1. Scan segment 255-311 residue by residue and report those that are part of a strand (DSSP E or B), among the aliphatic types (A, V, I, L, M) and either under 20 Å from the mean Cα position of the chain (by Cα) or buried (at least 22 other Cβ atoms within 10 Å of the Cβ) (or both).
2. Which of the residues that make up segment 265-279 are closer than 11 Å to I217 by Cβ and in contact with a Gly (Cβ under 8 Å, 6 or more places away or on another chain)?
3. Where residues in segment 19-45 are farther than 16 Å from Y63 by Cα and of a type in the set (A, V, I, L, M), which of them is surrounded by the fewest Cβ atoms within 10 Å (Cβ to Cβ)?
4. Just for segment 403-416: of the residues that are assigned to a loop (DSSP other than H, G, I, E, B) and modelled with pLDDT of 95 or more, which one is nearest to the chain's Cα centre (by Cα)?
5. Please specify each residue of segment 305-334 satisfying the condition of being under 17 Å from P439 (Cα atoms) and either out of contact with any Ser or Thr (no Cβ under 6 Å at 6 or more places or on another chain) or modelled with pLDDT of 95 or more (or both).
6. Would you call Y693 in contact (Cβ under 8 Å) with a residue 12 or more places away in the chain, in the same structural domain as F597 (by TED's automatic domain parsing), part of a strand (DSSP E or B) and touching a helix residue (DSSP H, G or I) at 6+ places or on another chain (Cβ under 6 Å)?
7. How about segment 489-509: which of its residues are within 31 Å of the chain's Cα centre (by Cα) and either crowded, with 18+ Cβ neighbours inside 10 Å or among the β-branched types (V, I, T) (or both)?
8. For segment 388-427, which residues satisfy the criterion of being loosely packed, with under 15 Cβ neighbours inside 10 Å and among the aliphatic types (A, V, I, L, M)?
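The values are calculated or read from the model by the stated rules, or taken from the named source; none is laboratory data. For clarity, every value in this text was computed on a predicted model and none was experimentally measured. When we count neighbours, we look across all protein chains shown, and the Cβ atoms used for this are built from the backbone with ideal geometry, even at glycine.
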Amino acid sequence: LRLNDSAATAGDLGVESLYELYPAFAVVQVGTPVVVPARGTLERGGEGFRGWSTRPSGGGVTYRPGEVTPMPAHDLTLHAVWTSEPTFEVTYSTNSATGGTAPVDSISYFPGETVTVLPNSGGLVRTGYTFGGWNTEPSGDGEDRLPDSTFMMPDADVTLYAKWIPEGSTFTVTYLENEFDGTVPAGDAPIDGINYLAGEPATILDHGSLVLSHNNIQLRFVEWNTQPDGGGTSHAAGSTLTMPANNVTLYAIWDVMGGIGPGGGLVFYDRGEVIDGWRYLEMSQTEWNTIRWGPNSLVGSPTGTGIGDGRLNTMLVAAWLDSLSLVDRAAQVARDLVEGGTFDDWFLPSTDELMNVHSVLHLEGLGSLNSSTYWTSTEVNAWNAATVNMSTGSSGNSDKTFVSPRYARAVRAFRSDQPTRIVVYHPNGASAGMVPVDPYLYEVGQGATIIGNTGGLSRPGEVFVGWNTAIDGSGDGYTESDTHPFVVGGPDLILYAQWETDPAPSLLTRWTLDATLADSVGTNDATGSPVWSTENPGKGLGQSIEFTGAYQLAVPAIDLGDEFTVSVWIRVSGGQSVRTIFANNTDQGSSDGFKLFVNNWNTSDRRLVLETGDETNQEKTESPIDAVVDGIWHHVVFTVSRLMATGAIYRDGVQVASGPILNVFATNTPLAIGGVTNNLFRFNGFMSDLRVYSGILTEPQILEIFNE
């Protein structure tokens, strides 16, 4: 072990040091504790001493004097670290001691740096007095600095004087109520009227009549502490304090967690601010045991695992159980609980919510929870629901029909002293899409704005027509943007999707292309210079249009909506190119819109393709190769659904492809027949009877057109 003074200009380590400066060295056995020395009287031109470092530059591991480190399995050189920046020193004064020595702090501190007060390591004594720590004034009337406490270094040197207490002096313990986040407690702090001698035991009192309510929560008294912020020495009620040679002031420490919420439950979660109408979660003191979750079948609506999911979970699960005429299941008893007077908005917690109950309450011995398995409101599958084991804190799952030992506790979310209400959207048999979710918790007097079918719920052969408070539509009906007011005593609002039989898609436009460009059902006439032909598919039309690859037809913008079907007869001639049938975008695959074409590009694979783009992305559905044969008439149908982001392709009455498309692309812009809108990718062959329907034609309807 070598100690390098880093070019000190004066002084040495002093006679009390166990070591000498380089070039001297000490041989130390590996693992033996090395006590890092003080600087002694070392100086370097008025610079401040910052300790010892394993690197000459001071960039390595730095040790403070008095630190203990085991000797490593290699030679070790510690270099004195000096700084030319402004530093200040802490000096300890014996202040008339009759024996012992004052400790020495050889570190130079930067302004604002934290200083740890040294103990009376030199055994200072004074006849007729007891050592009572340190003080900023020789008289002891300044600020007390107890050993191992900390203070912030000012921009000046500090002297701490030994504080001497006359023998036989007595001291007191004072209890202060201490505010929480600006809220002052009610009641009176306990009073300890005993005068204690130094070293005498003092029993720490309970909080007495002190209570502190904050944000409608009666906070939990945690302990007493020597610092108002809880950063000092903690003292639990009923514990024993060995009285020092000074008066002691203890501050009440309060906590939201474990406090009593407005519903009489124990608070176990605080999200820090009000979001979606709530901030805190509290757990009811009511417990159920030997209780089932439900039967072995699916709820029919997905349930969540996260914080904030339990309320919606519970409403969906309980409504499902009600529809099965079942009673007294975990979600139902939690939903129906009324506690704390008028609070009827309890629910079965989600997995993450119940995990918080375990970590915040059960591990602290709060809430009188059993070390057993508790139900959550989170469904795993048709057979199982999620559980939390209060003994281990682990999540798992259990058969929904298990009874014992299965426990349940209800929780509730709140922001004030009022019950809350929610809006739940139910899919009511939808086979695709997602129900909208309104995460907000409403209070009396607030109104909920009804959400539309934003998740694209659908049922085969039916259309969504709104929401209703009854599953069969016999209750109150609601549509998008309606307002539902929540009134005193009013229940949560469960809205079931309502369905009506989907009418047959209507014919938007039809170009027979029988020697005319007119729209036979509307006013969307095509324009261009057609070449007419007597070739036709034999479906009662005398002529067709022949596209030679040299021209295309223009069609004004038609609002095709979110779902439409295109039906056309085509006969493709040879040649390698993209043979566009119908489009409203350009030759670029990602251009905004769609194109329907036969692919003869490079490979001449003759696939039928439905391609969509949104200026950035491209998505297409295509048939197998050789879907069409050159020189043969084919009936081709494309169904397009932006709502479901899917498309399908039919050839001669039979589906040959289905797959994804984009759900956002233009459907109300000018169109082109026989090409794209920038006059490229033109069709080469014959075309007849082009129709566009609003909505999606079914396979039987498509087959009927083919057989006309």
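1. Start the filter on segment 255-311 by keeping residues that are part of a strand (DSSP E or B), which leaves 255-260, 266-275, 278-289.
Of the ones still in play, those that are also among the aliphatic types (A, V, I, L, M) are 256-257, 260, 266-267, 274-275, 281, 283.
Matches in segment 255-311: L266, V267, V274, I275, L281, M283.
2. Quick first cut of segment 265-279, residues closer than 11 Å to I217 by Cβ only: 265-267, 270, 279.
Of everything in segment 265-279, those that are closer than 11 Å to I217 by Cβ and in contact with a Gly (Cβ under 8 Å, 6 or more places away or on another chain) turn out to be G265, L266, V267, R279.
3. First pass over segment 19-45, keeping only residues farther than 16 Å from Y63 by Cα: 20-32, 41-45.
If we keep only those that are of a type in the set (A, V, I, L, M) too, we end up with 21, 24, 26-28, 30, 42.
On the way: L21: 19, A24: 9, A26: 13, V27: 7, V28: 16, V30: 9, L42: 22.
Once the filter is applied, the top-ranked residue is V27.
4. Of all residues in segment 403-416, those assigned to a loop (DSSP other than H, G, I, E, B) come to 403-405, 415-416.
From the residues that got through so far, the ones that are modelled with pLDDT of 95 or more too are 415-416.
Numbers: R415: 19, S416: 23 Å.
Residue satisfying both the conditions and the ranking: R415.
5. T305, G306, I307, G308, D309, G310, R311, L312, N313, T314, M315, V317
6. Working: in contact (Cβ under 8 Å) with a residue 12 or more places away in the chain: yes; in the same structural domain as F597 (by TED's automatic domain parsing): yes; part of a strand (DSSP E or B): yes; touching a helix residue (DSSP H, G or I) at 6+ places or on another chain (Cβ under 6 Å): no.
Answer is no for this residue.
7. The answer is D492, L493, I494, L495, Y496, A497.
8. V403
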